[in-house]
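The structure under discussion appears below in the form of structure tokens.
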Amino acid sequence: MPMVCRVVFNQKGGVGKSTITVNLAAAAAIAGRSVLVVDLDPQANTSRYLLGEVLAQATPTLTEFFEQTLNFSLYAHVMDDFVHATPCPGLFLLPAGDSLAEQQSKLEARYKIYKLRESLQEFGGRFDEIWLDTPPALNFFTLSALIAADRCLIPFDCDAFSREALVGLLGRVAEIKADHNPRLEVEGIIVNQFQARASLPTRMVEELAAQGLPVLQPYLSSSVKIRESHERAMPLVQLDPRHKLAQAFSELYQSLAK
Ligand SMILES: Nc1ncnc2c1ncn2[C@@H]1O[C@H](COP(=O)(O)OP(=O)(O)O)[C@@H](O)[C@H]1O
Ligand SMILES: [Mg+2]
């Protein structure tokens, strides 16, 4: 089976990108796949979610990776050096690092936008799946991820502003596909923090589907258990596999893997 590389993208913050990346990647690992998560957000929420306190000791990070693309060295790290094991068997992390944000303008000025794609290809068959989490902006890191991936997942938080933004967002993905990455496909829109009992979110999601947008099933509900999962640095699908939301993540992963 060829390697699949997915990017979880939405310019808006707080829609669930990191939570969804970690739980779908963990669901893949639990299903027996070898999985790498790459945290391209300088806020490092995904890295903390997967490693907790241990994150401080996890080096080298994405910062050293990008530093290395700027400064040629004979003693460079190989790609395997950037991969850190997580407590979830089969799930590995390339963590965000300190001062990642400060590197951005230099990386842009030196046209390093294709480096992530080239470097991930060096893994060859080591991973079955690679999941890229992105910052809440369409910046260098997000663009690098959209160029490296072949599938794009878009979390949607059932907010009216998010709906307005969705068409523009899909337009940006189409533009990046046309300009840089013909393999890129929108795999679907993931409905997060869905309240089945409220009529507005239901109507909003129905309208998206009616517009022909690829809304994925099942929808993800809202649960306080997610906070506990973040605090304990363990994906919900691992922490409490029988939880309703954990099962929704697993079902969603299975439908993507088909
Ligand atoms: N389904 C959910 N139920 C409850 N809380 C959630 C859910 N999804 C995300 N959250 C919470 O919302 C906040 C933003 O989620 P996060 O995954 O960090 O979003 P993003 O990466 O898009 O900024 C976090 O505090 C997270 O715990
Ligand atoms: Mg995030």
Task: Assigned charges on the beta-carbon of Lys, Arg, Asp, Glu; region 91-213 dipole about Cα centre (debye) - done: 160 debye
TODO: Work out how far the C-alpha atoms of region 45-159 reach from end to end along every principal axis, then list the three figures in whole Å, largest first.
DONE: 46, 31, 29
- [ ] Using only the alpha-carbon atoms of region 185-258, report the extent along each of the three principal axes, biggest first, to the nearest angstrom.
- [x] 39, 31, 18
- [ ] Please determine, in degrees from 0 to 90 and to the nearest 10, the orientation of helix 244-257 with respect to the longest principal axis defined by the Cα atoms of the chain, where the helix direction is its Cα long axis.
- [x] 70 degrees
Open item on the list: Given 37 °C and 0.692 mPa s, compute D for region 106-194 with the Stokes-Einstein relation, Rh being the Kirkwood radius over Cα pairs; round to the nearest whole µm²/s.
Closed with: 231 µm²/s
- [ ] Run through the DSSP bridge list for the chain and note the antiparallel percent, rounded to the nearest 5.
- [x] 5 percent
Open item on the list: Given the DSSP H assignment, sum -39500 (n - 2.57) over each helix run of at least 4 residues in the chain and divide by its residue total; what's the result at 222 nm in deg cm²/dmol, nearest 500?
Closed with: -13000 deg cm²/dmol
- [ ] Starting from the Cα of Lys225, draw a straight line to each of the lysines and keep only those under 20 Å, dropping any in the same chain fewer than 8 residues away.
- [x] Lys17, Lys244
TODO: Give the cross-link partners of Lys115 among the lysines, using a straight C-alpha distance below 19 Å as the criterion and excluding same-chain residues fewer than 8 apart.
DONE: Lys106, Lys177
TODO: May I have the convex hull volume per residue, in Å³, for the Cα set of region 4-257?
DONE: 118 Å³
TODO: Can you tell me the 0 to 90 degree angle between the C-alpha axis of helix 100-109 and the longest principal axis of the chain, rounded to 10?
DONE: 70 degrees
TODO: Give the residues of region 43-77 whose amide nitrogen is closer than 11 Å to a point set 7 Å from the Cα of Asp98 in the direction of its Cβ.
DONE: 56-57
Open item on the list: Given an 8 Å cut-off on Cα distances and at least 6 residues of separation, report the relative contact order of region 1-146 as a percent.
Closed with: 43 percent
Task: Extension reserve of the Gln217-Ser199 stretch, reckoned as 0.36 nm per residue once the Cα distance is removed - done: 4.7 nm
- [ ] Could you sort 62-73, 16-27, 122-133 so that the peptide with the highest average Cβ count within 10 Å comes first and the rest follow in order?
- [x] 16-27, 122-133, 62-73
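No value in this document is a laboratory result; all are computed from the given coordinates. Since we're looking at a predicted model, the values are computed, not measured. Quick reminder, even Gly has a Cβ in these numbers, built from the backbone with ideal geometry, and neighbours come from all protein chains shown.
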